[in-house]
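Asks: So that we are looking at the same thing, I have put the structure below in structure tokens.
The values are calculated or read from the model by the stated rules, or taken from the named source; none is laboratory data. As the structure is a computational prediction, the values presented were derived from the model and not from experiment. Glycine gets a Cβ as well: all are built from the backbone with ideal geometry, and neighbour counts include every protein chain shown. Protein only, heavy atoms only, side chains kept; ligands, DNA and RNA dropped before computing areas. Shrake-Rupley method; radii C 1.70, N 1.55, O 1.52, S 1.80 Å.
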Amino acid sequence: MLMPQLKEARKRTKKAAEVKKYEIDDKLKTLGLGKTYYIKTYGCQMNVHDSENIKAILEDMGFKESSNMDQADLILLNTCAIRENAHNKVFGMIGRLKHMKQDRPDIITGICGCMAQEEVVVKEILDKYSFLDVVFGTHNIHELPGILDKAMHKNKIEVDVMAIEGDIVENVPVKRDSKYKAFVNIMYGCDKFCTYCIVPYTRGKQRSRRFEDIIAEVKGLKEDGYKEVTLLGQNVNAYGKDLNIKYDMSDLLEDVAKTGIERIRFVTSHPWDFTDRMIEVIGKYANIMPYIHLPLQSGSDRILKLMGRRYTKESYLKLFNKIKATVPNAAITTDIIVGFPGESEEDFLDTLDVVNTCKYDSAFTFIFSPREGTPAAKMKDDTPLKVKEDRLHKLNEIVNKYALIANQKYLGKVVPVLLENVSEKNDDMLAGYTDTMKLVNVKAPKEMLGEIVNVKITDVKTWSMDGEIA
Ligand code: SAH
Ligand code: SF4
Ligand code: F3S
């Protein structure tokens, strides 16, 4: 049994990340033959991309994907630890798995992802939910064949979670959800240690992939007909800082742009490492999409300092204006936390002030959720939940107002849209995104899936737009 350890997860050494290669033992290639799997994914894009890797590894072992959890032989929950409600959802589902296991004792059940990297969670599982068959973490996904082999040959829970800083593993197979757009990891982990955030503990230290490997992956995707790549990292702007090379995110963006792939996106950019050169490169290349997610978290300097974000309201606004000046058509979205420990009404008004100044295209808003082991979880927090909920409500009203205003500017305009799937609300429509990441439902035949087409916007709402082929 390998248990996660909070103390180890917090450590950062000077040791360089090792670059390893995924390999599967021939005798494990038949372990899943005749069996099906189902993965439920709870987290961010990186977590979604991990599921794409896990699916391909399972298929390497002979498993086939099932679209029905109630019939699958192997059920994995790929979890997220970012807020308490993510936790609660997973424990609710674990309860359901228990019943399924009673009905069908032969199924294999397990959890992986960020919650599996949390010491408290794994202790709780061992204590109350040890009917599960397997628990593995974010650092050893590439070892899944061996881990499953162990789990399938014993009638006790197999816990295999490494409390390490983490390495880089290349050559991991991937079963992508889309044929047109792809996630590409450019870095793993995070060393920012914002005081509220669990990610540096669940994902390990910041480690950048070699740029040659990233470019090769993008070129391969382009050859396979992919139209769009999203470069993934917790803090992509810090790309390369952990490697001893003179090559940073602006160089990477430029080299990815030069591959000629049609659309390039990247998430998430921490305002702290956003350089002028990056802004220039984004403005210079037409295939780098004019869409930037720039998390604010709070507009109050006092709260930002407590959060450990290392920028001020003023420097954030300066950066925001610089981006808007160089990339005039850029859509900018953000993340905001209300109710951080000690947030006063005045602090909150500072946040609203930034929102009213930036008029974001949209924003993800959250109530602060204490995460065990993080510094903010120990800070004195005497704001009643009701007050926090009121702040969230007020903030959302303003955010939604600006989202609608931003969308209204599109009415009657013709914009390029990558049609990527059948619309959820109407079978006769296709859905896709503009270069600025606006969701558009378009009246178009299914043959047009995967194409970037000019669409005339005929109606706009707060969260989406409608359009027709121009
Ligand atoms: N790496 C990204 C954030 C990833 S987490 C960045 O630095 O911008 C996505 C968002 O979840 C964060 O931007 C933050 O707004 C929110 N979040 C993270 N931890 C949280 C917590 N403990 N409580 C509430 N929201 C949180
Ligand atoms: Fe969390 Fe901060 Fe790292 Fe983002 S930059 S993942 S908020 S610690
Ligand atoms: Fe959640 Fe882990 Fe992503 S905590 S947000 S799945 S990095």
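Asks: Give me the percent of the accessible area of segment 414-469 that comes from carbon and sulfur atoms, probe 1.4 Å, all protein chains in place.
Replies: 47
Asks: Follow-up question, since we're still on this one. With a 1.4 Å probe and every protein chain left in place, work out the accessible area per residue of segment 292-367 in Å², rounded to a whole number.
Replies: For segment 292-367, the solvent-accessible area averages 39 Å² per residue.
Asks: From Cα pairs below 8 angstrom and at least 6 apart in sequence, can you work out the relative contact order of segment 396-466, rounded to a whole percent?
Replies: Numbers: 133 pairs, mean separation 26.1, N = 71.
Relative contact order of segment 396-466: 37 percent.
Asks: Please give the net charge around Gly450, taking every other residue with its beta carbon less than 9 angstrom from that of Gly450, where Lys and Arg add +1 and Asp and Glu add -1.
Replies: Local charge sum for Gly450: 0.
Asks: Can you list, bin by bin at 5 Å, the percent of alpha carbon pairs in segment 194-301, starting at 0?
Replies: Computed distribution, short to long bins: 2, 11, 22, 23, 19, 13, 7, 2, 1, 0.
Asks: While we're here: From the phi angles alone, apply the Karplus equation (6.51, -1.76, 1.60; θ = phi - 60°) to segment 195-200 and give each ³J(HN,Hα) in whole Hz, x where the residue is Gly or Pro.
Replies: So the Karplus estimates, Gly and Pro as x, are 5, 8, 9, 8, 4, x Hz.
Asks: Here's another thing I want to ask about it. Taking a spot 7 Å from the Cα of Arg302 along the direction of its beta carbon, which residues of segment 338-355 have an amide N less than 13 Å from it?
Replies: Once the point is set 7 Å along Cα→Cβ of Arg302, 340-351 turn out to lie under 13 Å by backbone N, inside segment 338-355.
Asks: On to the next question. With an 8 Å Cα cut-off and a minimum separation of 6 or more residues, compute the relative contact order for segment 192-294 in percent. Before the final figure, lay out the partial values.
Replies: Details: 119 pairs, mean separation 28.2, N = 103.
RCO, segment 192-294: 27 percent.
Asks: Could you tell me how many cubic angstrom of Cα convex hull volume the chain has per residue?
Replies: Cα-based convex hull of the chain, divided per residue, equals 154 Å³.
Asks: How much of the accessible area of segment 168-408, probe 1.4 Å, is carbon plus sulfur, in whole percent? Can you show the working numbers first?
Replies: On the way: 5120 of 9810 Å².
Result for segment 168-408: 52 percent of the exposed heavy-atom area is carbon or sulfur.
Asks: Going by Cβ distance under 4.7 Å, what cysteines of the chain have no possible disulfide partner?
Replies: Taking the Cβ cut-off of 4.7 Å, the unpaired cysteines of the chain are Cys44, Cys80, Cys112, Cys114, Cys190, Cys358.
Asks: Taking DSSP loops as anything outside H, G, I, E and B, show the longest stretch in the chain free of chymotrypsin sites (Phe, Trp or Tyr not before Pro) there with at most 16 other beta carbons within 10 Å. Write out the running numbers ahead of the final one.
Replies: Details: sites that count: Phe131, Phe193, Tyr247, Tyr285, Trp463.
Maximal segment without exposed cleavage sites: 286-462.
Asks: Which length gain, in nm to one decimal place, applies between Ser464 and Asp224 when the Cα-Cα distance is subtracted from 0.36 nm times their residue separation?
Replies: Values: separation 240, 0.36 × 240 = 86.40 nm, distance 2.95 nm.
Roughly 83.5 nm would be gained on extension.
Asks: Then there's this: Considering the options Phe340, Phe320, Val256, tell which one lies farthest towards the positive end of the dipole of segment 230-370, charges being +1 on Lys and Arg and -1 on Asp and Glu at the Cβ, about the Cα centre.
Replies: Value computed over the given set: Val256.
Asks: Averaged per residue, what accessible area in Å² does segment 414-469 show with a 1.4 Å probe, protein chains only?
Replies: Counting only protein heavy atoms, the per-residue value for segment 414-469 is 48 Å².
Asks: Which entries in Lys192/Lys322; Lys15/Lys89; Lys15/Lys219; Lys425/Lys446; Lys7/Lys101; Lys205/Lys378 show an alpha-carbon gap greater than 25 Å?
Replies: The answer is Lys15/Lys89; Lys15/Lys219; Lys7/Lys101.
Asks: Let me have the relative contact order for the chain, percent, based on Cα pairs under 8 Å that are six or more residues apart.
Replies: Once normalised by length, the contact order is 11 percent.
Asks: With n ≥ 4 as the cut-off for DSSP H runs, can you work out [θ] at 222 nm for the chain, using -39500 (n - 2.57) per run divided by the number of residues, rounded to the nearest 500?
Replies: Roughly -10000 deg cm²/dmol at 222 nm, from the helical runs in the chain.
Asks: A further question follows. Tell me the carbon and sulfur percent of the accessible area for segment 6-160, rounded to whole percent, probe radius 1.4 Å. Display every interim value, and only then the final one.
Replies: Working: 3450 of 7310 Å².
Accessible surface attributable to carbon and sulfur in segment 6-160 totals 47 percent.
Asks: Continuing with this model, one more query. Counting only protein chains, not ligands or nucleic acids, how are Asp347, Asp177 ordered by accessible area (probe 1.4 Å), most first?
Replies: Per-residue accessible area, sorted high to low, gives Asp177, Asp347.
Asks: Shifting gears a bit: What whole-number value in Å² describes the accessible area per residue of segment 119-263 for a 1.4 Å probe?
Replies: 38
Asks: Rounded to the nearest 20 debye, what is the charge dipole size of the chain about its Cα centre when +1 sits on each Lys and Arg Cβ and -1 on each Asp and Glu Cβ?
Replies: For the chain, the charge dipole is close to 660 debye.
Asks: Sorting Asp103, Asp149 by accessible area (1.4 Å probe), largest first, what list results?
Replies: Largest accessible area first, the residues go Asp103, Asp149.
Asks: Across all directions of projection, what mean area in square nanometres is found for the Cα convex hull of segment 6-160?
Replies: The number I arrive at for segment 6-160 is 9.6 nm².
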